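Undergrad: One structure follows; several queries about it will come next.
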Amino acid sequence: MDKVVGVFRFPPLCSALLCCFSLLRFAPLCLKMHAWMQKEAQLLSGYIDHDDGVDVHTLRHVGGLDVSFDATDPTRAVGTLVVLAFPELKVVYEVTKTFTVSEPYIPGFLAMREAGPMLALFSELHHVGLDVQVVLVDGNGIYHPRRCGSATYFGIMANVPTIGVSKTLFQMEGISHASLRGHPLPCVLKGHNGQELGVALCACPHTSNPIFVSQGHRVSLSTAVDIVQKCCLFRIPEPIRQADLRSRAALQA
């Protein structure tokens, strides 16, 4: 057996076997991630970065989507879709459902866990005849390493204008708490190639804690920011806040 004072080393054969075991263990996950990235790339071929079917001046109904996950059971999720009258910001429709989610949580691939519940909830609107012109999603849109966060993934799949709103800063491509320090809000978040990925802003005077707004699909960044600001009574825009309150309450019930 190879020995070094104070250090244990596996014999070469054992090291090779351990390496093979690790490859076999993680191979299915790597294949799954590769398939997911191919799906993202396929969807992004249909991505629209300008206003298409959404106009602040004629906006009457705004949707809000949130999916909450059980901390003790990673396969259990509760999702809520709310529809608010605009500009009154009063809930006129809501649906909450419990889902079994089979996909594992992998950083950067949250859309793969959330898209199924979100699409199922959104399909409920066909039964009530509500015309929702834009949906605010609790999560990022193109502010994402592969430009396909939950808001973008869902928006393209459902073919509906979407806006991503995140409560936490996604640190990527030089965007960090340190890089934002000292910059007045609102502050545009730019990637390595100079692409505008989102905006950090405080949408109401009651808080100094920013939110992070990004395009999901079929909405320009300026319109996304305008709609979010008009939907804020508190730090979080009302469509997402109301959806979040309901999904969390149902999860704990």
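The values are calculated or read from the model by the stated rules, or taken from the named source; none is laboratory data. The structure presented is a predicted model; accordingly, all values stated were derived computationally and were not measured. Every residue, glycine as well, gets a Cβ built from its backbone with ideal geometry; the counts of neighbours run over all protein chains shown.
Undergrad: Looking at the range 76-87 only, could you name the residues that are crowded, with 16+ Cβ neighbours inside 10 Å and outside any strand (DSSP E or B)?
TA: If the condition is that a residue be crowded, with 16+ Cβ neighbours inside 10 Å and outside any strand (DSSP E or B), then F86 is the only one that fits.
Undergrad: Considering (1) at pLDDT 95 or above; (2) closer than 19 Å to D49 by Cβ; (3) of a type in the set (D, E), say which one D244 fails and leave the rest.
TA: D244 satisfies every listed condition except (2).
Undergrad: Which ones in the range 223-251 are under 21 Å from A71 (Cβ atoms) and assigned to a helix (DSSP H, G or I)?
TA: Of everything in the range 223-251, those that are under 21 Å from A71 (Cβ atoms) and assigned to a helix (DSSP H, G or I) turn out to be I240, R241, A243, D244, L245, R246, S247, R248, A249, A250, L251.
Undergrad: Let me ask something additional. Would you confirm, using the coordinates I've provided, whether S102 is among the small types (G, A, S), without any contact (Cβ under 8 Å) to a residue 12 or more places away in the chain and over 23 Å from C232 (Cβ atoms)?
TA: When the stated conditions are applied, S102 does not pass them.
Undergrad: I would also like to ask the following. Which one is modelled with the lowest pLDDT, of the residues in the range 173-219 that are part of a loop (DSSP other than H, G, I, E, B) and within 17 Å of the chain's Cα centre (by Cα)?
TA: Selected residue: P210.
Undergrad: Are any of the residues in the range 158-165 modelled with pLDDT of 95 or more and assigned to a helix (DSSP H, G or I)?
TA: yes
Undergrad: How do the pairs read when you match residues in the range 132-156 that are on the phi > 0 side of the Ramachandran plot with residues anywhere that are in a loop (DSSP other than H, G, I, E, B), using Cβ under 9 Å and keeping only pairs 6 or more apart or on different chains?
TA: Matching pairs, first to second residue: G139/L110; G139/G149; R147/Y47; R147/G141; R147/G191; R147/Q195.
Undergrad: Which one is nearest to H50 (Cα to Cα), of the residues in the range 157-170 that are aliphatic (A, V, I, L, M) and surrounded by fewer than 23 Cβ atoms within 10 Å (Cβ to Cβ)?
TA: Of everything passing the filter in the range 157-170, V160 is nearest to H50 (Cα to Cα).
Undergrad: Identify all residues within the range 88-124 that are within 19 Å of the chain's Cα centre (by Cα), crowded, with 17+ Cβ neighbours inside 10 Å and part of a strand (DSSP E or B); write none if there are none.
TA: If the condition is that a residue be within 19 Å of the chain's Cα centre (by Cα), crowded, with 17+ Cβ neighbours inside 10 Å and part of a strand (DSSP E or B), then T96, F99 are the ones that fit.
Undergrad: Here's something else I'd like to know. What do you reckon, is Q195 touching a Gly at 6+ places or on another chain (Cβ under 7 Å) and either buried (at least 16 other Cβ atoms within 10 Å of the Cβ) or not aliphatic (A, V, I, L, M) (or both)?
TA: No.
Undergrad: Please pick out the residue among I236, I211 that is touching a Cys at 6+ places or on another chain (Cβ under 8 Å), of a type in the set (V, I, T) and on the phi < 0 side of the Ramachandran plot.
TA: From the options I236, I211, the qualifying one is I211.
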